[in-house]
1. Relative contact order for the chain: what is it in percent, counting Cα pairs under 8 Å that are at least 6 residues apart?
2. Got the relative contact order for region 1-89 handy, in percent, Cα pairs under 8 Å and 6 or more residues apart?
3. Would you count, across the chain, every pair of lysines whose alpha carbons are under 21 angstrom apart, provided the pair is eight or more residues apart or spans two chains?
4. Within the chain, which whole H helices from DSSP have a Cα span along their axis of at least 18 Å and a mean Kyte-Doolittle hydropathy of 1.0 or more, if any?
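Every number in this text was worked out from the coordinates using simple rules, so none of it is lab data. What you are looking at is a predicted structure, and each value in this text was computed from that prediction instead of being measured.
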Amino acid sequence: ARIVSALVFPAGLAMVICNGSELFTGNCLMVISLLDHKITFKALMKNYLFVYLGNLIGSLFVSVLFVYGHIPGLYDGLLAQNMVNTAVTKVSLSFSEVFFRGILCNVMVCVAVWMGMSATHVSGKILALDLRIRSLRFEHCVANMFYIPAGMMAASAYGIAAEGLNIGTFILNNLIPATIGNIFGGVIVVGFLYWYLFLREKNKLPFLN
């Protein structure tokens, strides 16, 4: 099941890249345009804010459709149980665990996006995005905007016990550290370092020369 899930996960990223959608974690690479003086800090923050909120609203909307369309009832309710188990596991991790997994996750996402941008054909873009992020149990804040609320809804709809799973643990134990980790991985580890290595001009940031 984990291998199948890992094969499916990149499909969502492929939809974003090929359809011109906006994904918060991938947009962390926009810091490169800021460092290259092509956009302003205000414009960058505006994009991050609205894309993050848009991803959250969209994820919650899909969660409602998924759960109350009774899709978790498949396989005699085992899918619902798996969804709840996944959500409980994610909110049971420590802040540092989620943070570090968030860094690793968005390093892979942003490298995949970078690779996808280098391809000229749709097939090449999709192959570039085929990274096994899901199989390694990394933490992706936008994905968790679906997984955890969907698990909470499934627990309520199907009467499944979910100790410690609530809005508070979702936000404090997972969403905040995952978001911070994703930002660090995308903005600093990939965005800034790639810009520094390949794109910077020495007269732009003298203190880095």
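1. 34 percent.
2. Value for region 1-89: 17 percent.
3. So the count of such lysine pairs works out to 4.
4. 2-19, 41-68, 95-118, 141-158
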